[in-house]
Structure formats: structure tokens, C-alpha cells
Amino acid sequence: MLNRVACFLALLLGIALLATSALAQQDKSKRPSPPANASCKFADGKTITADYSSPRMKGRKIFGELVPYGKVWRAGANEATTFVTNTDLTVGGKTVPAGSYTIFTIPDTGKWTLIISKKTGEWGDPYPGAADDFARVDMKVSKLPSPIENFTIGFDQSGPACTVHLDWETTRASIEIAEKK
């Protein structure tokens, strides 16, 4: 009898492990905040890439409510937003060496702060702390002409620089990024 109970428990454990593995492999594109990416290529072929998850407004008030002012925000959803460059950059007057980083922001009504963190590979929340910050730089804030349903990170390339912009609701936060020569 004890042998049957042990076999039954082992079978249940096996089924639970298979179910957990299947859930872990679930297609990320079917998430409520699906994965997205943006990149900018400089004239010499070097690139900047941001990988993030794109949450939706869904009728919610975003900035000042869902995303509080004055608090660190992961700039997206799900896994932390990555920022990868294969060239040295100048961001807001600060040098950022080629490498992989995580980005966070501190939204506010008149300006945003972009946080470039040395710590990578974590889930989006919680923020790992200022001890892991590589740089903090001010971003320009402007009002978009109409609401944007999906949070979007994009790059506009202009000459030797790329301007990264984070758009959601009726807010755009942006900063110029140049290749350091």
C-alpha cells in the first residue's frame, strides 16, 4: 500500500513539474504587455538596442497614477528594460562605455530622469538601488498631440546622434545619445 502511495505522489509531482515547465515556456508575445524592441544604427554601423515589454493604457490614467511621479519606474513591464550598445556613448553629457545595461526612469511633470543601471538580468521590479547606477541624466518632457495606447520606446536618428523617446499616454520623454568619438 505504501508503495502505491509513493508511486502516486511521484506521478503527481511529475505532472506538476511538466505543467510548471509549460507555463514557463508560454509565448511572451501573448502577454498583456508583449515584448518589443527598438534600435538605432550610427553611420559606422555601431548600434544601440532597447528590449522592453510594452504595456497598454486600457483606459487608465498612466502618469501621476499608475506610474507615480517622483518614483523609479522600470520603463515598461515584465522583465527589466535592457539597453545594449556596441560603442561608447555620450548620454546627457556622461560617457557610457559599450556594454549591457538596464534602464529605469523617474517620471515627473516637468522633467524625467533616465537611470542607466549596471545591474542586468533582473525582473523589472524592484529597482536594484542607486549603488548599481552607472549614470542619471535629465530627459526632456513634451506633450504628444494625441494619446498613445501602447508604451513605446523609439529612436530617431539625426546625423551622428540618436534621440531615444519614451512615449505613452500623452507624454514623450526624450534624450539625445551620441557616439563618443
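Things to note:
- Within the accessible area of region 22-142 (1.4 Å probe), percent carbon and sulfur: 50
- When the alpha carbon gyration tensor of region 35-148 is reduced to an equivalent ellipsoid, its three semi-axes come out at 23, 16, 15 angstrom, largest first.
- Y69 long-range amide H proximity, modeled H, under 5 Å: G64
- Accessible surface ranking that places the most exposed of E179, E149 first, with a 1.4 angstrom probe: E149, E179
- Evaluating 6.51 cos²θ - 1.76 cosθ + 1.60 at θ = phi - 60° for every residue in region 164-173, the Karplus couplings come out as 8, 10, 10, 10, 6, 6, 10, 10, 10, 10 Hz, glycine and proline recorded as x.
- Each Lys and Arg Cβ is given +1 and each Asp and Glu Cβ -1; about its Cα centre, region 50-97 then shows a dipole of about 340 debye.
The values are calculated or read from the model by the stated rules, or taken from the named source; none is laboratory data. Being a predicted model, the structure only gives us computed values, none of them experimental. Please note: Cβ atoms are built from the backbone with ideal geometry, for glycine as well, and neighbour counts cover all protein chains shown. For the accessible areas, the whole protein counts, side chains as well, though only heavy atoms, and no ligand, DNA or RNA atoms are used. Shrake-Rupley method; radii C 1.70, N 1.55, O 1.52, S 1.80 Å.
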